[in-house]
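Report on the structure given below.
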Amino acid sequence: MRTKNKQQEISIVIVSYNTADLIENCLDSILINDNISKEIFVVDNASSDGSLEFIKDNFASVHLVANTENVGFAAANNQVLPQCKGKYVFFLNPDTEVVSDTFSEAIAFMDANPSVGLAGTKIINPDGTLQWSVSYKYPGQKYTANELSDLPGKIACVLGASMIGRSELIREIDGFDEDFFLYGEDQDLCLKIRKLGYEIGYIDSATVVHLGGQSEKDSLSSEVWKKKIHAEYILYRKHYFAKTIKRISRSHIIKAWWRILTLKLFFPFTRDKAKATDKLGKYQVIYYAVKSSIHQNSEKK
């Protein structure tokens, strides 16, 4: 029997933004996992769909933080880190459902692997197929020199939708970098942890169902790509040499320019013009976003 003054095993942190149609299933799936001592935090980023009121009325045990503005994923997670009493902190997206025993499996893995600072779980789609959640390279890593040499472990990063970290370690590095608003913050966190000598792990026995893309479901694809490129270059400026960033930028520009040229050239003969238009918009965004990033870097020198 657990004593009341024993440290919580896990603190679960969810950042929510207009997820009224999803948060109930997510929280229900967490509460069903009752075989471990846990606390749940939901940080609401100024939702306008009634999700805040729904949580207040239906989930009294949840520690709810109501922001008056959308401060972004990184800053919202960081808000509650000082309050987390768990040995581990589990970052979870609201568009997920936790499969039975996931938390106990995740805790057991971390207990058994002290060299791992943070680990991702298995993530599956609603149809049961495996969803990408592990990367063995960072963006643009093939252009790097020795700035990423001698990092421990084989895994570069795991998807931020479902991952567990050591609370003391996460606080030691001040959590997520708040320069990231959305996208890239999980890659940066993993890289910071590896630079401190810890590995990134993957827990095959812990499973989470993830819908994916729900926070940006109402955004234009061009705007999503603009945010992704912006985040990517924040990561580069933090961790890569200037000469490496130049090589990456040159590669991005050449690839985008070539794709724009060929898409325009073959557009009259393309059957799926909507798809071609979407691709054209994507590469135009990449081209001008990278150009803008280069300009910003030159102004800072």
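So the values come out like this:
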| quantity | calculated |
| --- | --- |
| Dipole moment magnitude, nearest 20 debye, region 17-162 about Cα centre, only Lys, Arg, Asp, Glu C-beta charged | 700 |
| Correct option for Rg/Rh (Cα atoms, Kirkwood Rh) [calculated from the coordinates] among (i) 0.96; (ii) 0.99; (iii) 1.06 | (ii) |
| Efficiency of FRET from Cβ geometry, residue 32 and residue 288, R₀ 51 Å, rounded to 0.05 | 0.60 |
| Residue-by-residue Karplus 3J(HN,Hα) for region 200-210, coefficients 6.51, -1.76, 1.60, Hz, glycine and proline x | 9, x, 9, 10, 5, 8, 10, 10, 10, 8, 10 |
| Region 157-178-region 239-266 distance, computed between alpha-carbon centres (Å) | 31 |
| Spatial extent of region 241-300: Rg and Dmax, with the Cα atoms as the point set, Å | 13.9, 45 |
| Percentage relative contact order, the chain, counting C-alpha pairs under 8 Å, at least six apart | 19 |
| Degrees between helix 242-266 axis and first principal axis of the chain (Cα, 0 to 90, nearest 10) | 70 |
| Inter-probe distance in nm under a simple model that places probes 7 Å from Cα toward Cβ, at residue 267 and residue 68 | 4.6 |
| Amide H contacts of residue 86 (H built 1.01 Å from N, under 5 Å, at least 5 apart or other chain) | 11 |
| With Cα atoms, 0 to 90° folded angle of helix 185-195 axis to the chain main axis | 80 |
| Listed residue (32, 109, 98) projecting farthest to the positive dipole end of the chain, Cβ model | 109 |
| Relative packing of peptides 136-149, 21-34 - highest average C-beta neighbours within 10 Å first | 21-34, 136-149 |
| Angle between the chain longest axis and helix 273-300 axis [Cα atoms, degrees, rounded to 10] | 90 |
| Rel. contact order, % - alpha carbon contacts under 8 angstrom, at least six apart, region 26-177 | 30 |
| Between region 1-80 and region 86-123, the Cα center-to-center distance that results, in Å | 16 |
| Cysteines in the chain lacking a second Cys C-beta under 4.7 Å | 26, 84 |
| Sum of -39500 (n - 2.57) over DSSP H runs of 4+, divided by residues of the chain (222 nm, nearest 500) | -13500 deg cm²/dmol |
| Of 182, 52, 130, the one that fluctuates the most in a GNM where the chain has Cα springs shorter than 10 Å | 130 |
| Loop trypsin sites (Lys or Arg not before Pro), region 48-114, which have at most 16 other Cβ atoms in a 10 Å radius of their Cβ (DSSP) | 85 |
| Long-range HN-HN contacts of residue 116 with modeled amide H, under 5 Å | 199 |
| DSSP-defined beta bridges in the chain - what % are antiparallel, rounded to 5 | 35 |
| Of 243/273; 154/279; 137/227, pairs whose Cα-Cα distance is over 27 Å | 243/273; 154/279 |
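Every number in this text was worked out from the coordinates using simple rules, so none of it is lab data. All values reported here derive from a predicted model rather than from experimental measurement. We place every Cβ from the backbone using ideal geometry, glycine too, and count neighbours over all the protein chains shown.
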